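Coordinate-derived values only; no laboratory data. The shown structure was predicted, so the numbers you read here are calculated from the model rather than taken from an experiment. Positions of Cβ are generated from backbone atoms using ideal geometry, with glycine treated the same way; all protein chains shown enter the neighbour counts.
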Amino acid sequence: MTKTDLVNFIAEETGFTKADSTRALDAMMKGIVKGLKKEGKVAITGFCTFAAKKKAASKGRNPRTGEVVNIPARVAVTIKAGSKLKDELN
């Protein structure tokens, strides 16, 4: 499902216009990013939990050339499914 598909789904389910649905979806995504930056974790009870985890710098290897490559420190996002989401999928 693409963002456009999700906007169309929100519009159909709520009766919002597509423009309003786009703004709502964008606001939700912006809120998740803000929460991850500020607190490192965003929990949507029953649905999922987003967590930002710091990854240390490391060394990797280019598979084509075998050359050692430095991988800079970064923040990775993990998503853990909640119980209601798991139940809906199973």
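Summary of computed values
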read-out: Assigned charges on the beta-carbon of Lys, Arg, Asp, Glu; the chain dipole about Cα centre (debye); value: 780
read-out: Other-chain or far-sequence residues with amide H under 5 Å of CYS48's (modelled H); value: GLY82
read-out: Distance between modelled label sites at PHE47 and GLU13, nm, 7 Å Cα→Cβ extension; value: 0.8
read-out: Rule-of-thumb Rg ratio for the stretch 40-90 [Cα; 2.2 N^0.38 Å; N residues]; value: 1.72
read-out: Counting all C-alpha pairs of the chain, share separated by more than 19 Å (%); value: 62
read-out: Within a Gaussian network of the chain (alpha carbon springs, distance under 10 Å), most fluctuating of GLY60, GLY46, GLY35; value: GLY60
read-out: Between 0 and 90°, nearest 10: helix 3-14 axis offset from the chain longest Cα axis; value: 30
read-out: Dipole axis of the chain (+1 Lys, Arg; -1 Asp, Glu on Cβ), positive-most option in ALA81, ILE10, GLY66; value: GLY66
read-out: Mean separation of Cα contacts under 8 Å (6+ apart) over length of the chain, as relative contact order %; value: 21
read-out: In order through the stretch 52-63: 3J(HN,Hα) via Karplus (6.51 cos²θ - 1.76 cosθ + 1.60), integer Hz, x for Gly, Pro; value: 9, 10, 7, 10, 6, 4, 8, 10, x, 9, 5, x
read-out: Tilt relative to the chain, helix 18-39 - C-alpha long axis, 0 to 90 degrees, to 10; value: 40
